[in-house]
């Protein structure tokens with residue numbers, strides 16, 4: 001085989017190997033999003049272009065020597081790729097070793113300048129037969145020398161950057177870079193030696209095999225290194241996820257699950273020591289949250305956690321149980337009274353003002369204490385008992401309370417409250433909340449015009465519960481917003497199902513919302529989003545608010561009402577007449593509908609003054625261009641009087657008790673016998 005044929009074959013193999021390496025690097029670029037990989041991928045691509053065009057040029061020289069112009073074009077293309085290959089290699093090595101990125105026009109200019117330099121070296125005396133030595137020196141020796149120097153520098157940078165990290169792939173890659181660079185310098189030296197008259201070494205025709213060997217080693221090192229980086233990144237992500245699962249995101253303290261687990265470990269190692277379990281609560285947290293907002297409230301909790309942590313010794317464990325509560329586990333030999341005194345000193349030392357933003361906030365703490373092994377033998381029991389004692393401290397305004405000092409009835413009441421909280425959260429997770437519907441009848445034609453949606457909790461032991469049994473507790477533990485959002489979706493989703501029947505498309509759904517939800521800035525967006533989700537027109541939705549909700553901030557309340565009405569959502573004032581200043585605010589509240597409370601219907605049959613009062617309220621409401629709905633209609637006489645008085649709509653048990661959707665009636669003729 002002619003030496004040129006061998007060189008052509010080896011370069012073709014190198015070209016394919018470079019393309020494979022470039023493809024792998026581009027895959028890793030998408031995975032890691034690192035600029036050093038981007039520059040190395042460009043470098044490998046440029047190397048493949050160089051080898052392809054160089055091989056083509058050599059093949060034309062071997063097969064068709066007279067095609068000098070085409071060889072010149074290919075030589076220019078090959079050198080235009082060879083020098084950017086070197087530039088991108090050095091950029092990537094510098095980025096990988098320093099952890100910084102080289103991006104911007106300046107570095108693009110460096111690559112362009114390198115390409116132009118390569119083209120310039122190919123155009124020096126391209127057709128002069130007497131300038132062959134100069135052309136070889138510029139096109140071959142200079143390229144080998146610069147490429148070799150670049151690879152040696154890159155190898156040194158990578159080796160120094162990876163010292164002490166124990167990554168085999170990075171070390172292998174650095175060694176391969178060094179060997180490939182030394183090989184390039186070695187070839188440049190041999191060429192200069194032979195041109196100076198020295199004898200060529202016996203292996204000169206096979207130096208390209210060494211290039212291929214070191215190139216393969218370099219590719220192997222890079223791939224192993226990147227796989228190691230992928231493994232380390234996966235391990236880091238797993239560690240971060242584990243940390244997130246086990247720690248509170250605001251304070252960084254162990255969360256309830258982790259601190260309970262740590263308590264269990266300490267119980268197994270406590271020996272003769274007691275373990276004092278302290279549930280520490282921040283007084284008036286809800287007020288701070290409401291006034292200053294979530295971010296400021298979290299800043300207060302972070303500072304408070306830091307204060308408490310600095311007050312504890314290394315044997316103590318500090319965690320966060322909930323938004324306002326911390327948990328401290330303290331090994332101790334003290335008796336219960338001494339533990340109580342120590343706790344009160346801890347609270348006193350950390351109950352002092354904080355500066356949150358521009359606001360000074362006085363932080364006061366209270367605590368509940370349970371003791372192992374005195375009060376319980378399981379971590380969950382001890383934490384629950386500490387929280388029960390904390391609730392008693394908070395209610396009575398004490399600093400600290402021992403669980404052992406609670407009466408049996410107090411403990412049972414608190415345990416019931418805690419149990420209800422757990423059941424509420426479980427009920428949400430298990431979709432145990434459902435909607436029942438009560439029809440609203442137009443007295444003009446006795447047709448069903450809509451339904452009021454009423455939330456129910458299908459408790460696994462206590463049966464079907466009305467909101468009075470759980471809404472206050474839901475608000476206290478912070479799940480009311482989730483409950484109301486679930487109710488909104490269930491009610492509007494059911495309205496969509498009814499609208500599939502053409503005869504029911506004019507039905508309207510009335511949905512009760514709390515003061516908390518009414519005050520949310522994105523209430524309109526929330527309602528519209530659910531309407532879009534179920535393809536229900538907003539003008540088919542009516543929100544019911546109480547008078548106290550509306551007048552809590554009259555200006556803000558009217559702004560919210562106006563914003564809802566502009567999108568077609570109607571507003572009804574529920575339980576009207578039960579507030580202390582209903583008539584004073586009726587003129588100022590621009591609602592669509594007034595719902596008379598059921599107490600106005602009591603005694604209608606026998607009390608003339610009550611009948612006159614209802615007539616007057618209906619007339620007054622109509623004069624303000626509002627509709628009137630009477631709730632709690634239970635007797636035919638009441639409905640007859642309301643129709644005579646001009647009341648617009650009625651609802652009540654006479655017509656239909658709240659029922660599941662599939663049991664609802666839609667015709668008055670059937671309702672009359674319910």
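Quick notes on this structure:
- Qualifying residue in segment 234-252 (condition: in contact (Cβ under 8 Å) with a residue 24 or more places away in the chain and surrounded by 20 or more Cβ atoms within 10 Å (Cβ to Cβ)): yes
- Filter pass, residue 118 being in the same structural domain as residue 70 (by TED's automatic domain parsing) and crowded, with 18+ Cβ neighbours inside 10 Å: yes
- Looking across segment 288-301, the residues that are more than 12 Å from residue 363 (Cβ to Cβ) and part of a helix (DSSP H, G or I) come down to 289, 290, 291, 292, 294, 295, 296, 298.
- Qualifying position, being in contact with a helix residue (DSSP H, G or I) (Cβ under 8 Å, 6 or more places away or on another chain), at pLDDT 85 or above, surrounded by fewer than 22 Cβ atoms within 10 Å (Cβ to Cβ) and in the same structural domain as residue 138 (by TED's automatic domain parsing), among 46, 56: 56
- Among (1) farther than 29 Å from residue 514 by Cβ; (2) modelled with pLDDT of 90 or more, the one test that residue 440 misses: (1)
- Cβ pairs under 6 Å, 6+ apart, first in segment 1-13 and under 13 Å from residue 53 (Cα atoms), second at pLDDT 75 or above: 8/55; 8/58; 8/59; 11/51; 11/55; 12/55
Here's the yes/no breakdown for (1) modelled with pLDDT of 90 or more; (2) more than 21 Å from residue 593 (Cβ to Cβ); (3) in contact with a helix residue (DSSP H, G or I) (Cβ under 9 Å, 6 or more places away or on another chain); (4) in the same structural domain as residue 572 (by TED's automatic domain parsing):
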position: 614; (1), (2), (3), (4): yes, no, yes, yes
position: 622; (1), (2), (3), (4): yes, no, no, yes
position: 627; (1), (2), (3), (4): yes, no, yes, yes
position: 647; (1), (2), (3), (4): yes, no, yes, yes
position: 666; (1), (2), (3), (4): no, no, yes, yes
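- Condition check for residue 98: in the same structural domain as residue 14 (by TED's automatic domain parsing), at pLDDT below 85, surrounded by fewer than 20 Cβ atoms within 10 Å (Cβ to Cβ) and under 30 Å from residue 161 (Cβ atoms): yes
- A single member of 320, 314, 284 is closer than 19 Å to residue 350 by Cα and buried (at least 18 other Cβ atoms within 10 Å of the Cβ), and it is 320.
- Qualifying strands (runs of 3 or more DSSP E) (wholly inside segment 359-407; at least 1 residues being touching a residue at least 24 places away in the same chain (Cβ under 8 Å) and farther than 25 Å from residue 258 by Cα): 359-362
The values are calculated or read from the model by the stated rules, or taken from the named source; none is laboratory data. Nothing here was measured: the structure is a model prediction, and the numbers come from that model. Positions of Cβ are backbone-derived with ideal geometry, glycine not excepted, and every protein chain shown enters the neighbour counts.
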